[in-house]
1. List the residues whose amide H sits under 5 Å from the amide H of THR78, counting only those 5 or more places along or on another chain, with H placed 1.01 Å from N in the peptide plane.
2. So how far apart, in nm, are the two label points at SER116 and THR30 if each is 7 Å from Cα heading toward Cβ?
3. Sorted by packing (mean other beta-carbon atoms within 10 Å per residue), highest first, where do 68-81, 9-22 land?
4. How large is ³J(HN,Hα), in whole Hz, for each residue of the range 58-68 in order, when computed from phi with the Karplus curve 6.51 cos²θ - 1.76 cosθ + 1.60 and θ = phi - 60°, using x for Gly and Pro?
5. For the range 129-134, take each phi angle, set θ = phi - 60°, evaluate the Karplus expression 6.51 cos²θ - 1.76 cosθ + 1.60, and give the result in whole Hz per residue in order, putting x for glycine and proline.
6. Could you give the distance between the Cα centres of the range 140-154 and the range 1-74, to the whole Å?
7. Residue-wise, which Karplus ³J(HN,Hα) couplings in Hz belong to the range 37-47, taking 6.51 cos²θ - 1.76 cosθ + 1.60, θ = phi - 60°, and x for glycine or proline?
8. Can you show me the helix-derived [θ] at 222 nm for the chain, built from DSSP H runs with n ≥ 4 at -39,500 (n - 2.57) apiece and divided by the number of residues, rounded to the nearest 500.
Amino acid sequence: MEDSYTTAYTWFDNTPVGSLDISHPMVHKTAGGAGTYEDPVTIAVGHSLETGSDVLDFPAGTRIYLPDVRRYFVVEDTCGDGPTPEEGPCHSGADEHGNASIWLDMWIGGEGESASFAKECTQDVTGVRTAVFNPADNYEVAPGYGVMHDGECDTGYGSERVTK
C-alpha cells in the first residue's frame, strides 16, 4: 500500500485529444475497462526518454487497486508528453501534493459526456490517495462500468480496502 498523487485523464484531454489511444496496450487495445480484476481500467504512469527508449515508472501490465474509486487498474499508458517527460508531471512532482511518492493518472472516459462533467469528475478524483500494487483479486468493486458512468463520478470511498 502506498500513498499516490492520483489524477485522471479523459477523452477530452488524452493524446491525441478525442481519442482512446494508449501507448502500452496490455489488456485493452484502447483506453477503457470496467474496473474488475479481470477487466481493469487503463491507468497512465510517468515515463522517461533519458535512455533513448520509453521506460515506464512501473511495468506495463502492473495491476493497481484504488480503494477511493473501488476499481482495479492496469498500467497501459504514459502520462506526460514532449521530448523530456521525465522533467514534468507524473514522473516527478508527486511529493509537491502532500505525502505522496508516486503519481498515477487514471482513465475515466468521458466520450458521450459533457466536457464540464468530465472536468468535474477529474477534479473529484484528484488528490493523495491509497494505491495497492499487485493487489489480490478479492477487493470490492463498485457497480457500474468504469469510474465515470451513467452520469455519475464514482469516487469518495476512502482508503479502506473492503474484501468481497
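1. SER23, HIS24, VAL45
2. About 2.7 nm separates the two model spin labels.
3. Top of the packing list down: 68-81, 9-22.
4. Rounded to whole hertz, the list is 9, x, 4, x, 5, 8, 9, 10, 10, x, 5.
5. Whole-Hz 3J(HN,Hα) from phi for the range 129-134: 9, 6, 10, 10, 8, 6.
6. About 17 Å separates the Cα centre of the range 140-154 from the one of the range 1-74.
7. For the range 37-47, the Karplus curve yields 4, 6, 10, x, 7, 4, 9, 9, 10, x, 8 Hz.
8. Values: 1 runs with 11 residues, N = 164.
Taking each H run of at least 4 residues, the total per residue is -2000 deg cm²/dmol.
Since every read-out is calculated from the coordinates, none of them should be taken as a lab result. Treat the numbers as computed from the prediction; the structure is a model and nothing was measured. Every residue, glycine as well, gets a Cβ built from its backbone with ideal geometry; the counts of neighbours run over all protein chains shown.
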